[in-house]
Every structure is written in C-alpha cells, then in structure tokens.
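First up is the structure itself, then whatever we jot down about it.
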Amino acid sequence: MENRGLDPVPDDERTGRVRALLPTWVAANMTVLLLTVGAGLTVFNGLNFWQVLAVAVTAPVLSFGLVGLVSIAGKRGGAPGMALSRAVFGQRGNLFPGALLWVARWGWETLNAVTGSYALLAVLDLAFGIRSGHPLVLVTLTSFVAASFLVSGLGIRALRLCSRASAWLFGSVSLLVLVHLIGSTHWRTVLDRPPGPGAMTIAGIGTLAAGGISWVPSAPDFARYLPRSASGRAMVAAAVGGALVTVGPMVMMGAVLAVGSPDLAVTKDPVAFIGELLPRWISVPYLLIAVVGMMLINAMSMYSAGFTAQTLGFAVPRAWAVGVNAMISLLLGGALMLVATSFVGTFLSFLTLLGVTFSAWIGVFGVDLLRGRTYDSAALMDTTPGSGYWYTAGFSRQAMGAWGAALVTGLLLTDVEWFTGPLAATWVGRHGLGWAATILVAAGVYGALPRPEDGTGGTPARF
C-alpha cells in the first residue's frame, strides 16, 4: 500500500519510467460511454464516417496534449497536482479551485460508477438471464464502488499493475469487436452518408475534448514518481498516444453501430443496448472487460480526489480521504440509477460543466508552468503565513483574478439542461467551445498580469 500523501516524493524514490504512463492513459479512457458519444456524433451532429474520424483524432490530441503538458509539473515537484497548485494560487487561494474540482470529481465518479453498474447488470442478464431490480441495482453499484475504493486505496503500484493488465485485455476484446463490425456492417450505407455541417464537427471536437481535459489536474499525480530527468516530450507523447489508442477506435465503433441502430445515442442504459447489438460470445467478455476499465477510471479519479480532499484540510490518511469520495459516489450513483430519466442528457450536460470547471484551473496553472515554475517542497507543505507560497494573506491575486474571470466567462457561454448562460447562443457557446474560451481567458489574463513573486527565491526551470 502506498502510504505517501501530499508530501513530495524525494529524488531517491523516483524510480518510475515514462513508458508506464502509456497504459495509465489507455486505462483512463476505457469507458463504453465513448461508444455513446460516437453514436451521438452520427445521430445528433449528423456527421459522416470521415468527419467522426476527424473528431476522434483531434479531440484526444488536444485534451491529452494538455494532460501530458501538465504532467511535467509532477516530475518537477514530485507532488500531486492540487498540492502543486498551492504554489500558483497561494495556500488559501488554492482552496477555491480545489473545492470546485473536488465537487466536479463527485459527478465524474458517479457517472462512471453508474455506467459500470449498468455493465454488470447487462452481463448478468446476457449470461444468466438475471433481470435487474432495485435491490440488484444497489448491490452492483456498491460492489463497483467498493472495488474502485480498494484499488485506489492501495495506491500507485496497484493502479499501474491493473492498468497494464486491463489495457492488454481491453485491446484484445476490442479487436474482436472490430473484426465483427468489419464483417457485419453494410459499409456502403456507412460510407455513403453525406457530410454534416462543419460547425457540427467543431461542436463534436468540443464535446469530446471536454471530457478528456478532466484528467489534466490529475496528471501530476501519476507522474510524480518519475525522475527529474524524464523527457517532457515523451510524457506528452505517452498521454496523447494512450488516449488515441482507446478513444479513436471506440468513438468510431459507436458511430458505425449508430448507422444501423440510432437509438444507441438516446438510450437510458447504453451498456445493455450495446450488449444487444453484439453476438453474445463477444458482448459478454467485452462488457466484463469494460467493467474492469470503468472501475479503473473510477479508481484513478478517487486516487486524485483523495489528494484534493487533503489539500482542503481533511486531516486523514490518503486512503481514508479516498473513502469520502467513494461514499459520495455511492449515494449520488444510487439516486441517478433509480431516479434519472435521461442518462445521456445528464452525461452530456455534465461534460459541458466539467470542461468549464477544469479549464479555468488549467489556463492559470499551464501558463505558470510554461513560465518555468519550480516547486519548493517545504513551502508546499507549509500552510501557515510563513509559507513561501503565502503571497498576500494566503492568496495570489493574479492567479485568483484570472481564474475567477475565466470561470465566469465559461459559465456565460454554457448551455446545459439545468442552466443557460446569456452568451450561450453565440458561435462559441453553440459549438460547445466554452471550455476552450475559458482556458484562453484564464491563460490570457494571467499571462498579461505581472508575475507574482513568492517567498522561495526559486530559479525558473528550463522547459
């Protein structure tokens, strides 16, 4: 079990290798919800095969390019992302984005737990004819959350081991699905579809990328055991490569399936629907591996959320901090499975809000990193007024101002089921690019302001 919490990893313990990041980012994308997104690109956006392919390649390159970039902070500082964030926002200022990101992780983990539970229910139905009811729903959800908690509680080594194994298994089963689709799909119907509006292609990139950038604040958590000499370019390549290996094929599979079965884009239970579209000898192992993949996604998210909870002042060991998020996702997941009427609509609305929430932090943190930020281990852990990252009353005014301006901008451009901003009807808002505008505003405002001086006297690092 990993016992280290927020404290930076000393150099003599940094024995990780960059190549270990590739299966980590493969595992971070092993969710059947990507099939639903691909179906939505065909049904709702009206895109043809080649346009979906462009979306499936462009979105992960953009979002996981940012993941790889921010992961460099992990090798520089050796600490989790939200601990490193103290150096940017100040010891008190960091509580505000930290709290918002922690709440956002509740939603992300809840959606993954619900999807994983649906997959378990689908396997029980397909393999054993067991129909789901409210008691079984709660049992599968509890089992899924408990497994996620176990792996995340064990820590980084367990996550790496499970990621490597599941990446190979998921790749093998996905290959079976691809072979089946190649042989069973009426390709003339798929390839003869007329192209959709270019604007809808841009909107598709925005929606798909919004989900990917949710991993950006977590990126240092999985890179902090790398030596300082690790190649930054290789880290970016590992993040982008891991995403492309998973996101591209799954989005394309969803788009192809939706040509013959458009209801895939609107079903309340996307996992069971997928099980009905594939032969049983493929669907059962595929959904079983999908359960493992989504459990790993939840475990990775809980792992990071535990660190975030610690930065907010929860004075408990990392594993107990992870347990807080496990309980929250269990409660919210039960409500969503038993009460919600539109799973896909809820999912897409959440992706939009998630993108804005994470983007405001990304723009500020990213510019600070590009400026050559180095991290002082003692100052990161010192939350008193004597900390080198105390700034003014515990706040970096420049970082907080840029973050606040960007967050407001993103919300003004947002249009979801529960909220419509006054600028949502603009070109940026209609095309789901509020997250991109949020990053640009945060980066632009923070970059234009004078660089805040901390009390560590550190020398900027060469990027």
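What helices (runs of 4 or more DSSP H), lying completely within region 379-463, carry at least 3 residues that are in contact (Cβ under 8 Å) with a residue 40 or more places away in the chain and open to solvent by less than 70 Å² (accessible area, probe 1.4 Å)? Quick ask: steps written out before the conclusion?
Working: elements: 397-412, 427-430, 434-448.
Passing ranges, in order: 397-412, 434-448.
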Checking 255, 335, 340, 315 in turn, the sole residue that is touching a Ser or Thr at 6+ places or on another chain (Cβ under 7 Å), of a type in the set (Gly, Ala, Ser) and at pLDDT below 80 turns out to be 340
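Based on this model, can you work out whether residue 432 counts as touching a Phe, Trp or Tyr at 6+ places or on another chain (Cβ under 8 Å), of a type outside the set (D, E, K, R) and either at pLDDT below 90 or over 21 Å from residue 375 (Cβ atoms) (or both)? Full working, then the answer.
Working: touching a Phe, Trp or Tyr at 6+ places or on another chain (Cβ under 8 Å): no; of a type outside the set (D, E, K, R): yes; either at pLDDT below 90 or over 21 Å from residue 375 (Cβ atoms) (or both): yes.
No, not satisfied.
Go through 77, 90, 98, 38 for me and flag whichever is open to solvent by less than 10 Å² (accessible area, probe 1.4 Å), out of contact with any Lys or Arg (no Cβ under 7 Å at 6 or more places or on another chain) and on the phi > 0 side of the Ramachandran plot. Steps first, please.
Details: 77 fails: on the phi > 0 side of the Ramachandran plot; 98 fails: on the phi > 0 side of the Ramachandran plot; 38 fails: on the phi > 0 side of the Ramachandran plot.
Among 77, 90, 98, 38, only 90 is open to solvent by less than 10 Å² (accessible area, probe 1.4 Å), out of contact with any Lys or Arg (no Cβ under 7 Å at 6 or more places or on another chain) and on the phi > 0 side of the Ramachandran plot.
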Matching residues in region 142-200 (over 25 Å from the mean Cα position of the chain (by Cα), part of a helix (DSSP H, G or I) and without any contact (Cβ under 8 Å) to a residue 60 or more places away in the chain) number 7
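Residues that are touching a residue at least 24 places away in the same chain (Cβ under 8 Å), over 18 Å from residue 25 (Cβ atoms) and within 20 Å of the chain's Cα centre (by Cα): list the helices (runs of 4 or more DSSP H) wholly contained in region 58-131 that include at least 2 such residues.
Details: elements: 81-84, 86-89, 95-128.
Where helices (runs of 4 or more DSSP H) fall fully within region 58-131 and carry at least 2 residues being touching a residue at least 24 places away in the same chain (Cβ under 8 Å), over 18 Å from residue 25 (Cβ atoms) and within 20 Å of the chain's Cα centre (by Cα), they are 81-84, 95-128.
Can you tell me which residue among 92, 188 is modelled with pLDDT under 90 and either out of contact with any Cys (no Cβ under 6 Å at 6 or more places or on another chain) or under 30 Å from residue 362 (Cα atoms) (or both)? First the steps, then the outcome.
Working: 92 fails: modelled with pLDDT under 90.
Among 92, 188, only 188 is modelled with pLDDT under 90 and either out of contact with any Cys (no Cβ under 6 Å at 6 or more places or on another chain) or under 30 Å from residue 362 (Cα atoms) (or both).
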When residue 1 is run through (1) part of a helix (DSSP H, G or I); (2) open to solvent by 20 Å² or more (accessible area, probe 1.4 Å); (3) of a type outside the set (Val, Ile, Thr), the failure sits at (1)
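Could you count how many residues in region 35-55 are hydrophobic (A, V, I, L, M, F, W, C), over 27 Å from residue 365 (Cβ atoms) and part of a helix (DSSP H, G or I)?
We begin by selecting, within region 35-55, every residue hydrophobic (A, V, I, L, M, F, W, C); these are 35, 37, 39, 41, 43-44, 47, 49-50, 52-55.
If we keep only those that are over 27 Å from residue 365 (Cβ atoms) too, we end up with 35, 39, 41, 43-44, 47, 49-50, 52-54.
So of that shortlist, the ones also part of a helix (DSSP H, G or I) come out as 35, 39, 41, 43, 49-50, 52-54.
So the count comes out to 9.
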Of those in region 10-30 that are farther than 26 Å from residue 212 by Cβ and touching a residue at least 60 places away in the same chain (Cβ under 8 Å), the residue most open to solvent (accessible area, probe 1.4 Å) is 15
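Taking into account only those residues within region 305-339 that are aromatic (Phe, Trp, Tyr) and part of a helix (DSSP H, G or I), which is most open to solvent (accessible area, probe 1.4 Å)? Let's see the steps before the verdict.
Quick first cut of region 305-339, residues aromatic (Phe, Trp, Tyr) only: 307, 314, 320.
Filter once more, so that each one left must be part of a helix (DSSP H, G or I): 307, 320.
Working: 307: 2, 320: 181 Å².
Per the stated criteria, the residue is 320.
For (1) in a helix (DSSP H, G or I); (2) modelled with pLDDT of 90 or more; (3) small (Gly, Ala, Ser); (4) surrounded by 24 or more Cβ atoms within 10 Å (Cβ to Cβ), each residue gets a yes or a no:
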{"position": "210", "(1), (2), (3), (4)": "yes, no, yes, yes"}
{"position": "216", "(1), (2), (3), (4)": "yes, yes, no, yes"}
{"position": "222", "(1), (2), (3), (4)": "yes, yes, no, yes"}
{"position": "227", "(1), (2), (3), (4)": "no, yes, no, no"}
{"position": "290", "(1), (2), (3), (4)": "yes, no, yes, yes"}
{"position": "303", "(1), (2), (3), (4)": "yes, yes, no, yes"}
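The values are calculated or read from the model by the stated rules, or taken from the named source; none is laboratory data. Remember, it's a predicted structure, so these values are computed and weren't measured experimentally. Here the Cβ is made from the backbone with ideal geometry for all residues, glycine too, and neighbour counts use every protein chain on show. Just the protein is used for accessible areas: all its heavy atoms, side chains included, with ligands, DNA and RNA removed. Shrake-Rupley method; radii C 1.70, N 1.55, O 1.52, S 1.80 Å.
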